[in-house]
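Read through the structure below, which is laid out as structure tokens, and then see the notes.
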Amino acid sequence: MRKLLCPQCKIAALYVVNDRKERLLVYVLENGEVVPKDPAASTDGFDMTEVYCLGCSWHGSPKRLVKR
């Protein structure tokens with residue numbers, strides 16, 4: 001399944017944060033599913049409703065990501 005991209009800089013590398021401002025690297029799949037880059041990583045406590053781009057200052061809902 002393909003990864004969705006940042007609408008601003010068009011990269012797939014994203015992250016989510018938890019209450020302690022720790023980051024978890026993620027990808028968002030075409031079906032809108034937010035998955036950790038490391039399959040063994042736990043997503044417990046992370047806010048999966050807002051993603052942040054590693055390449056620029058964009059952040060927002062995974063639904064706003066683009067296919068290309």
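The values are calculated or read from the model by the stated rules, or taken from the named source; none is laboratory data. Here the structure is a predicted model, which is why all the values come from computation and not from measurement. Every residue, glycine among them, receives a Cβ derived from its backbone with ideal geometry; neighbour counts consider all protein chains shown. Keep in mind that these areas ignore ligands, DNA and RNA; they rest on the heavy atoms of the full protein, side chains included. Shrake-Rupley method; radii C 1.70, N 1.55, O 1.52, S 1.80 Å.
How many residues are surrounded by 14 or more Cβ atoms within 10 Å (Cβ to Cβ) and either part of a strand (DSSP E or B) or of a type in the set (S, T, N, Q) (or both) when one looks only at region 30-59?
Residues flagged as surrounded by 14 or more Cβ atoms within 10 Å (Cβ to Cβ) and either part of a strand (DSSP E or B) or of a type in the set (S, T, N, Q) (or both) within region 30-59 amount to 9.
Residue check, Val28 against (1) farther than 16 Å from Arg64 by Cβ; (2) β-branched (Val, Ile, Thr); (3) in contact with a helix residue (DSSP H, G or I) (Cβ under 8 Å, 6 or more places away or on another chain), all met but one. Which one?
Here Val28 clears every test but (1).
Return yes or no: is Val66 open to solvent by less than 30 Å² (accessible area, probe 1.4 Å) and of a type in the set (A, V, I, L, M, F, W, C)?
Taking the combined requirement at face value, the residue does not satisfy it.
For region 47-65, how many residues meet the condition of being in contact with a strand residue (DSSP E or B) (Cβ under 8 Å, 6 or more places away or on another chain), under 16 Å from Glu33 (Cβ atoms) and not charged (D, E, K, R)? Reasoning before the result, please.
We begin by selecting, within region 47-65, every residue in contact with a strand residue (DSSP E or B) (Cβ under 8 Å, 6 or more places away or on another chain); these are 47-48, 50-54, 58-62, 65.
Pick out the ones that are also under 16 Å from Glu33 (Cβ atoms) and you get 47-48, 50-51, 61-62, 65.
From what's left, not charged (D, E, K, R): 48, 51, 61-62, 65.
Residues that pass the stated criteria total 5.
Across region 1-26, what is the total count of residues that are outside any loop (DSSP other than H, G, I, E, B) and open to solvent by 50 Å² or more (accessible area, probe 1.4 Å)?
Looking only at that region, the number is 3.
Any residue in region 37-63 that's closer than 12 Å to Asn18 by Cβ: show its pairings with residues that are part of a loop (DSSP other than H, G, I, E, B) and open to solvent by less than 50 Å² (accessible area, probe 1.4 Å) at Cβ separation under 7 Å, as long as the two are six or more apart or on different chains.
Going by the 7 Å Cβ cut-off, the qualifying pairs are Glu50/Ser61.
Across region 3-17, what is the number of residues that are over 13 Å from the mean Cα position of the chain (by Cα) and within 15 Å of Ser61 (Cα to Cα)? Walk me through how you get there before you give the answer.
Here is the first cut: in region 3-17, the ones over 13 Å from the mean Cα position of the chain (by Cα) are 8-9.
This time we only want the ones that are within 15 Å of Ser61 (Cα to Cα), so: 8.
Of the residues in that region, 1 qualify.
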